[in-house]
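Reviewing the structure listed below.
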Amino acid sequence: MTQTNLGSTPVVAAMRKWGVIFLAAGAVGLAATFAISGQQRFMADYLLGFWYFAGISVTMVFFSALQYLTRAGWSSAIRRIAENFSGFVPVIGIALIPIVADVLTGHGIYEWTHESAKTDPLLIKKEVYLNNTFFFVRLGLYALLWFAFVRYIVGNSVKQDTASDFRPSQKNWKRSAPWILLYAMTITFASFDLLMSLEPHWFSTIWGVYAFAGHFVAAIAIVTLATTSFYRAGYLREYITEEHFHDLGKLMFAFSVFWTYIAFSQYFIIWFANLPEETIYFTHRTQGGWEYFGAALVLLHFVIPFITLLRQDVKRKLTILRFAAVVILLSHFVDLAWIIMPAVGKVMAHGNPDHHSSFVFGWQEFTGVMFFGGVFLFLASRLFTSRNAVAVNDPLLHEAVEYTS
Amino acid sequence: MTEAPVGIVGEFTDPNQVTKAAQAIRDAGYRQWDIHTPYPVHGLDKAMGVKRSMLTYISFGGLLFGISNALGIQYWMGAIDYPLNIGGKGFFDWQFSIPIDFELSILGTAIFTVIGLFHLCRLPTWYNRYQDDDSFKKATDDTFVVTIDSDDDRFSAETTQDMLRRLGAKNVHLVTATAN
């Protein structure tokens, strides 16, 4: 048998090392942002980093649940790698505390929490949903449900490693459908609450799907990077074959196209109807420097992944696959920055006499992602140390070793 | 009127065995041969040494055909031949052209793929020299049938049959046709 616990390997050691470095550098950077650029800018960067990695971590659990729901054999060899990246999920509740504190100060990044919202006719109507108490209850609910989600799905998957029968896997097979329904609801409403309510006058009903699509393709990109790193370093060679890379490449390709489809659907309907309350979102994001972000998104989130991953044989070439994965991770950052920063720029400009929001993007925007990236990597490295990197006792593992895609 | 050899037919019932046999036949250097299976067997094309089909390039050509048609039609009709102001939008905008570009690229790809597939599979073929053989007919039911054509350079009525038997084929026999 080959090594299945990779805790002592250089790959996991590098994950731990860079996790700690990013965590420390990001924490210093976030503190500097708070000191230099103020609370709102700090909070925007915090939210950017938090949502990037919280969304990806929860989606890793969803990926696992999806494999159980479909009784997928191919993925049993790589499923645990995704599951080990869910280490951030249990601490989401703690990470939400600064967001709650920001709302409580009364001059945070959410415009609907400000004093001025009490005289805004539209926000008065939305107060039923967008009020502090209900907002906090919902945030707590997400943290709690996601914690239960990871405990159940990943917990059963880990229990299977040492079980004498297949009962843990059978439990997951039975219960993954309701958990996925719950994931769909929570990721939708969490994206409404945390991101869409940054523009409280605006709404988009496809927002949840948009958020999911971005997280899913980014999660697959991280799984691809980790799997190829282990494989290149010579680990898991008995379990992972070229076929897995081919399928991961297919998923990255498919879901970057899916994201584009959803993103364009959202843009297209608003562009065509041309109603002022809907177009504010895009008019603000296609001028004053933000139009370059939009153009970069088309390039990074669609054109480059599409062209690099279109051919069948490149999905088996690890260097190209890793390049596409890095581009996708970068594009997810650009996507979230494009959503969050213009909205916060507007809030920050509220005090200004000219009321014109400025272009808000600089070194500060990288601190939040760095911090949470560090937390994400460090917690993942801990799980890679305490658990196997392969679901060694999975009832379908033999299929994953033999299959051809 | 002489009986000319068409090829050798052998039956397999186990997909793993037929995959192993395919590798052996491929390594023996045969080129004019085929395997007929009741359902797709994963990995068999690799075992047989089938080269990657050029179908993807035909499909890509269909995509280019479809998207250039979509853009051309919309631009020519909307901006040149019959400009109409609809809802204050431009006569041609990339935004509203996307759904049609998307749909016509899919349509072009699909049509080219189907036609290309028919062409590459030589469909429709109304007659096959093996079709009256009883073993060959089982390929549509429960048997994996290997056929090695007589026009293969390495074909020899005896040694080819021996090889197939050695690989575990059942009911190996020579198929002949009446030549005039």
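Readers should treat all values here as calculations from the given coordinates under stated rules, not as data from a laboratory. The structure displayed is predicted, hence computed values, not measured ones. Cβ: placed from backbone, ideal geometry, glycine included. Neighbour counts: every protein chain shown.
Karplus-derived 3J(HN,Hα) values for the range B:32-44, using 6.51 cos²θ - 1.76 cosθ + 1.60 with θ = phi - 60°, are 8, 8, 7, 10, 10, 10, x, 8, x, 9, 5, x, 5 Hz; glycine and proline are entered as x.
Highest average first, the peptides A:166-175, B:92-101, B:115-124 ordered by how many other beta carbon atoms sit within 10 Å of their residues are A:166-175, B:92-101, B:115-124.
Pull out a ≥ b ≥ c, the square roots of the eigenvalues of the alpha-carbon gyration tensor of the range A:290-377, then state rounded if a/c is under 1.5, prolate if not and a/b is larger than b/c, and oblate in the remaining case. Present the calculation step by step, with values, prior to reporting the outcome.
Values: a/c = 4.83, a/b = 2.03, b/c = 2.38.
It comes out oblate by the Cα gyration axes.
Each principal axis of chain B carries a Cα extent, and these read 79, 39, 29 Å when sorted largest first. Chymotrypsin sites (Phe, Trp or Tyr not before Pro), restricted to the range B:127-172: which are DSSP loop and have at most 14 other Cβ atoms within 10 Å? Those satisfying the criteria are B:Tyr127. Here the residues A:Arg80, B:Arg166, A:Arg311, ranked from fewest to most Cβ neighbours within 10 Å of their Cβ, fall in the order B:Arg166, A:Arg311, A:Arg80.
The residue list A:Ser197, A:Gln266, A:Ala233 was ranked by how far each Cα lies along the charge dipole of the range A:188-283 toward its positive end, using unit charges on Cβ atoms, and A:Ala233 comes out on top.
Once you have a ≥ b ≥ c as the square roots of the Cα gyration tensor eigenvalues for the range A:23-144, tell me rounded if a/c is under 1.5, and otherwise prolate or oblate according to whether a/b is larger than b/c. Oblate shape, in that a/c is at least 1.5 and b/c is the bigger or equal ratio.
Of A:Lys118/A:Lys346; B:Lys20/B:Lys137; A:Lys250/A:Lys346; A:Lys118/B:Lys89; A:Lys315/B:Lys51; A:Lys125/B:Lys89, which ones are farther than 27 Å apart at the Cα?
On the way: A:Lys118/A:Lys346 18 Å; B:Lys20/B:Lys137 22 Å; A:Lys250/A:Lys346 39 Å; A:Lys118/B:Lys89 37 Å; A:Lys315/B:Lys51 18 Å; A:Lys125/B:Lys89 33 Å.
Correct reply: A:Lys250/A:Lys346; A:Lys118/B:Lys89; A:Lys125/B:Lys89.
How large is the translational diffusion coefficient of the range B:55-120 in µm² per second when you combine the Kirkwood radius over alpha carbon pairs with Stokes-Einstein at 20 °C and 1.002 mPa s?
Numbers: Rh = 12.7 Å.
Translational D for this selection: 169 µm²/s.
Counting only lysines at least 8 places from A:Lys159 when in the same chain, those with an alpha carbon closer than 20 Å to its own are A:Lys171, A:Lys174.
Inter-chain Cβ neighbour count for A:264-277, averaged per residue, equals 2 (cutoff 10 Å, partner chain atoms only). For chain A, what does the relative contact order come out to in percent, with C-alpha contacts under 8 Å and a separation of six or more? Relative contact order comes out at 37 percent. For the pair A:Thr133 and A:Thr279, label points projected 7 Å from Cα toward Cβ lie 4.0 nm apart.
When chain A is treated as a Gaussian network with alpha carbon springs shorter than 10 Å, the biggest mean-square fluctuation among A:Ile328, A:Ile109, A:Ile36 belongs to A:Ile36. For the protein assembly as shown, place one equal point scatterer on every Cα, skip the solvent, and apply the Debye formula. What is log10 of I(q)/I(0) at q = 0.06, 0.13 Å⁻¹? Summing over Cα pairs of the protein assembly as shown leads to -0.42, -1.35.
Need one word for the range A:145-184: rounded, prolate or oblate. Basis is the Cα gyration tensor (sqrt eigenvalues a ≥ b ≥ c); a/c below 1.5 gives rounded, then a/b vs b/c decides. Taking the square roots of the gyration eigenvalues as a ≥ b ≥ c, the range A:145-184 is oblate. For the range B:97-145, the convex hull drawn through the C-alpha positions has a volume of 103 cubic angstrom per residue.
Taking the number of other C-beta atoms within 10 Å as the exposure measure, put A:Ser358, A:Ser86 in order starting with the fewest. Could the numbers behind the result be given before it?
Numbers: A:Ser358 13, A:Ser86 27.
By the 10 Å Cβ count, ascending: A:Ser358, A:Ser86.
Rounded to the nearest 20 debye, the dipole magnitude of chain A is 1100 debye, with +1 charges on Lys and Arg beta carbons, -1 on Asp and Glu beta carbons, and the Cα centre as origin.
Can you give the calculated 222 nm mean residue ellipticity of chain A, where each DSSP H run of n ≥ 4 adds -39,500 (n - 2.57) and the sum is split over every residue, rounded to the nearest 500 deg cm²/dmol? Walk me through the numbers on the way to the answer.
Values: 15 runs with 284 residues, N = 405.
Using -39500 (n - 2.57) per qualifying helix, the result is -24000 deg cm²/dmol.
Sorted ascending by nearby beta carbons within 10 Å, beginning with the fewest, A:His301, A:His350 become A:His350, A:His301. Taken one residue at a time, the phi angles of the range A:270-281 give Karplus couplings (6.51, -1.76, 1.60, θ = phi - 60°) of 5, 4, 6, 5, 6, 8, x, 5, 9, 6, 3, 4 Hz. Gly and Pro are set to x.
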